[in-house]
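The values are calculated or read from the model by the stated rules, or taken from the named source; none is laboratory data. Remember, predicted model here, so these are calculated numbers, not experimental data. Neighbour counts run over all protein chains shown; Cβ positions are idealised from the backbone, glycine included. When the accessible area is computed, the model is the full protein with side chains, heavy atoms only, and any ligands, DNA or RNA have been set aside. Shrake-Rupley method; radii C 1.70, N 1.55, O 1.52, S 1.80 Å.
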Amino acid sequence: MKLFIYNGTVVNANGSEKTDVLIEDSIITKIGIDIVEPDDCKKINADGLLVIPGGIDPHTHLEMPMGDLRTADGFENGGRAALSGGTTTIIDFVNPVRGQSFLHTFDQWLERAQKATCNYSFHVTVTWFDQSVADEMRILAEEKGVNSFKHFTTYRDTIMLDPDSMLQSFEQVKELGCLCTVHAENDEIITFLQRKLLSQGITHPRGHVLSRPPIAEGEATHRVIAIAKVVEVPLYIVHLSCADALRAVVSAQQKGQEVYAESLCGHLLLDESVYFAKEREVAARYVMTPPYRTQEHRDALWDGLASGAIQTTASDNCTFTQENRNRGLDDFTKIPNGSPGIEDRMRIIWDQGVRTNKLTPEQFVAVTSTNAAKIFNIYPRKGLIAPGADADIVLWAPTKQHRVSAQTHLHAIDYSVFEGFTFTGTPLLTILNGEIVFENSEVTARPGQGQYIQRPQF
Ligand code: URP
Ligand code: ZN
Ligand code: ZN
């Protein structure tokens, strides 16, 4: 299949130009104003539109088992939601249960992702560590295309890694030429505050934000940066949500340490006041970790994106139905954590970032696509519009509006934390691996059309 995109403005992270793009099969083959288009190609008029690299969402949880629950969005509908919002590649997480083989768990996730409608890759979470795990990490890195391993400093009952094991895992990640990623919050502070709040009779979902203060995130971020420094391994902080954690990251970056940070579209938009809704069912919808913060922290995140201290934006798409959430209405610690975002991430960044002049269109491309491609080592195959790159492309309408509603979204949940927001800037057309998969407000991607993206060691 051949596609010729003309009259548009190509926006890459390093500059923009009014130029045309030729796609042959799944690859961009030519960029220029003097392309002689082949007779047998489909022509797409991009007048007034931006032609940008498909978004990369480096943090999703599709069909993720959690206890007896499973996240509602799967690789089929979640991929469609992504494509409709301009994201063509996601990096999801393989989470082995403690004691479980990493390779076996990786195969289970690959099997689930067979029906993916967008491109996908996997981080693997180090939930336990011994020599057998170290050996399997090597196989994942050398043979399976995994170059990033995630660690948790909280959730002590399930996936938190003890500090000794974390050091050993970091060392193995370094040895493999991979990247450490961390969910950083101080588990002791959180557990202490959770118990205290419950003993005071505070069972309402607001207990979630009250028990996870910015200082707990700041302390753990500082701590894992120190561990990474000792081991001399590159570090990526997932869903950094507050000024306290950002200060630790910036301080390390200024001293020359290789530390990256990701912010979530939800943290960039929503305020902690959502947890204080009187109706518990409503407040419970917003329970995600770290929690939404105050304006002061959102301002810090936007400054971090604009200055380059924060490199990527993700969704952390992790959806649970209202029924699932209601199991914690009388005890906020029992509400399954997570929010949607795979569909609206790029609209939120454009609307709140570019429309308000906090980011340029080029920075928008950097933080929604290019930087993730570079950090996770799939650049310039992804994250760039240039000859030789994969043809994952979005035609972005910078002034077209999109109103979010649970009635019309593609998520498999019956509410939206973004309900009623109208975002300016939205995709008109999405191309995945050289094929149009979203056009005229309709996603046409087939189950299995998404490809597994191997990410090489550094
Ligand atoms: O609340 C969240 N973020 N749930 C998903 C798991 C994680 O911590 O990333
Ligand atoms: Zn996390
Ligand atoms: Zn997550």
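Miscellaneous remarks
- Whole-Å distance, taken between Cα centres, linking the range 311-339 and the range 79-128: 19 Å
- Modelled spin labels at ARG156 and SER307, positioned 7 Å past Cα toward Cβ, are 3.4 nm from each other.
- Solvent exposure of the chain as accessible area per residue, Å², 1.4 Å probe: 37 Å²
- Net charge, GLU279 excluded, C-beta distance under 13 Å - Lys, Arg +1, Asp, Glu -1: +4
- For the range 1-143, share of DSSP beta bridges that run antiparallel, in % to the nearest 5: 50 percent
- Averaging Cα coordinates gives a centre for the range 8-52 and one for the range 421-455; these two points are 17 Å apart.
- Cβ-based net charge around ASN186, under 12 Å, with every Lys or Arg adding one and every Asp or Glu removing one: -3
- Projected onto their three principal axes, the Cα atoms of the chain cover extents of 72, 50, 42 Å, largest first.
- Remark: the range 146-193 is approximated by an ellipsoid whose semi-axes, taken from the C-alpha gyration tensor as √(5λ), come to 23, 10, 8 Å, largest first.
- Which listed pairs, of LYS42/LYS115; LYS144/LYS382; LYS255/LYS358; LYS174/LYS374; LYS174/LYS196; LYS174/LYS382, have C-alpha distances above 29 Å, in listed order: LYS174/LYS196
- Other residues whose C-beta falls under 12 angstrom from the C-beta of ARG298 contribute a net charge of -3, scoring Lys and Arg +1 and Asp and Glu -1.
- DSSP beta bridges in the chain [antiparallel fraction, %, rounded to 5]: 50 percent
- Taken about its Cα centre, the range 54-375 carries a charge dipole of about 640 debye when Lys and Arg each add +1 at the Cβ and Asp and Glu each add -1 at the Cβ.
- Spin-label model, LYS229 to ASP331: label points 7 Å out along the Cα-to-beta-carbon direction sit 4.0 nm apart.
- Which of TYR379, ILE393, LEU305, positive extreme of dipole for the range 240-394 (C-beta unit charges): TYR379
- Rough spin-label spacing in nm, given labels placed 7 Å along Cα→Cβ, for ASP414 and ILE215: 4.1 nm
- Accessible carbon and sulfur surface of the chain relative to its total accessible area, %, 1.4 Å: 49 percent
- Extreme residue, positive dipole direction of the range 54-375, given options ILE225, THR87, ILE349 (C-beta unit charges): ILE349
- Cβ-placed point charges (K, R +1; D, E -1), dipole of the range 382-458 about Cα centre in debye, nearest 20: 160 debye
- Taken about its Cα centre, the range 80-231 carries a charge dipole of about 660 debye when Lys and Arg each add +1 at the Cβ and Asp and Glu each add -1 at the Cβ.
- Cβ-derived FRET efficiency at R0 60 Å, LYS2 paired with SER273, nearest 0.05: 0.70
- The stretch between GLU296 and GLN401, if pulled fully straight at 0.36 nm per residue, gains 35.1 nm over its current Cα-Cα span.
- Gain upon complete extension [THR356, THR422; 0.36 nm per residue less C-alpha separation]: 22.3 nm
- The calculated Kirkwood hydrodynamic radius for the range 352-417 is 14.3 Å, given to one decimal from all distinct C-alpha pairs.
- Legend: calculated FRET efficiency, ASP107 to ASP47, from the Cβ-Cβ distance at R0 = 51 Å, rounded to 0.05, equals 0.65.
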